[in-house]
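*Asks:* Handing you this structure, nothing more for now.
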Amino acid sequence: MERILVVGVTGAGKSTLARTLGSRLGLPYVEMDALYFTGPDWATNEDFSGDVARVVAEPRWVVDSLGHPEVRDLLWDRADTVMWLDYPRRVVMPRVLRRSLRRTVTREVLFGGNRETWAGWLSREHPAWWAWSQHRGRRREIGGRVRDPRFAPLNTFRFTHPQETADWLASL
């Protein structure tokens, strides 16, 4: 496990697991949203694909994302391990709601200096709306990639409940 891709739906805990794996295994952790969102008003990185290519060209890393469409294949092609947090909506939704509520109330600074706002909750781009609406499609896409012969060489771990993930981490 030298190049680990942590995938799952919004709110599954990808960043938390990736950060933990990076720390335990001595791997550089790359937060995909921090690479993608680089400025005020959720401005995006104009050289995002180039930055991701530079990250995955390195021999060791852990990344916390299925990957934006423009870099998805690049991430999957370079990874040697996929950690799939395949949690049901009943697990994910309370997590994403608590996280977004905390971020909104505390005005936590996020990627590119942005913050979640009360008005943002009305947007279809808000993490809570996104987690709900994209859950089925994301699970289907990840499942398809895991079964895709191109990615058969990847060492894939699929966890369907947070306790499975915790147990696996404890055995590491």
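The values are calculated or read from the model by the stated rules, or taken from the named source; none is laboratory data. What you see is a predicted model, and the numbers here were worked out from it, not measured in a lab. Heads up, the Cβs are rebuilt from the backbone with ideal geometry, glycines too, and the neighbour counts pull from every protein chain shown. Note: areas computed on protein heavy atoms with side chains; ligands, DNA, RNA excluded. Shrake-Rupley method; radii C 1.70, N 1.55, O 1.52, S 1.80 Å.
*Asks:* Of all residues in the stretch 59-82 being among the aliphatic types (A, V, I, L, M) and not in a loop (DSSP other than H, G, I, E, B), which is nearest to residue 2 (Cα to Cα)?
*Replies:* So, considering only residues that are among the aliphatic types (A, V, I, L, M) and not in a loop (DSSP other than H, G, I, E, B), the one nearest to residue 2 (Cα to Cα) is 62.
*Asks:* Within the stretch 62-73, restricting attention to residues that are without any contact (Cβ under 8 Å) to a residue 24 or more places away in the chain and either among the aromatic types (Phe, Trp, Tyr) or closer than 18 Å to residue 153 by Cα (or both), which residue is surrounded by the most Cβ atoms within 10 Å (Cβ to Cβ)?
*Replies:* 72
*Asks:* Out of (1) of a type in the set (Asp, Glu); (2) under 13 Å from the mean Cα position of the chain (by Cα); (3) at pLDDT below 95, the odd one out for residue 86 is which?
*Replies:* Among (1) of a type in the set (Asp, Glu); (2) under 13 Å from the mean Cα position of the chain (by Cα); (3) at pLDDT below 95, residue 86 violates only (3).
Every residue, every condition in (1) in contact with a strand residue (DSSP E or B) (Cβ under 7 Å, 6 or more places away or on another chain); (2) more than 25 Å from residue 124 (Cα to Cα), yes or no:
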site	(1), (2)
26	no, yes
61	yes, yes
72	no, no
75	yes, yes
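*Asks:* OK, next. Inside the stretch 75-127, can you point out the residues that are in contact (Cβ under 8 Å) with a residue 40 or more places away in the chain, farther than 19 Å from residue 43 by Cβ and small (Gly, Ala, Ser)?
*Replies:* The one that is in contact (Cβ under 8 Å) with a residue 40 or more places away in the chain, farther than 19 Å from residue 43 by Cβ and small (Gly, Ala, Ser): 79.
*Asks:* Residue under question is residue 133, and the condition is that it be under 18 Å from residue 9 (Cα atoms) and either in contact with a helix residue (DSSP H, G or I) (Cβ under 6 Å, 6 or more places away or on another chain) or in a loop (DSSP other than H, G, I, E, B) (or both); does it hold?
*Replies:* no
*Asks:* Here is a follow-up. What are the residues in the stretch 79-127 that are open to solvent by 50 Å² or more (accessible area, probe 1.4 Å) and either in contact with a Pro (Cβ under 6 Å, 6 or more places away or on another chain) or closer than 25 Å to residue 55 by Cβ (or both), if any?
*Replies:* 99, 108, 109, 125 - these are the residues of the stretch 79-127 that are open to solvent by 50 Å² or more (accessible area, probe 1.4 Å) and either in contact with a Pro (Cβ under 6 Å, 6 or more places away or on another chain) or closer than 25 Å to residue 55 by Cβ (or both).
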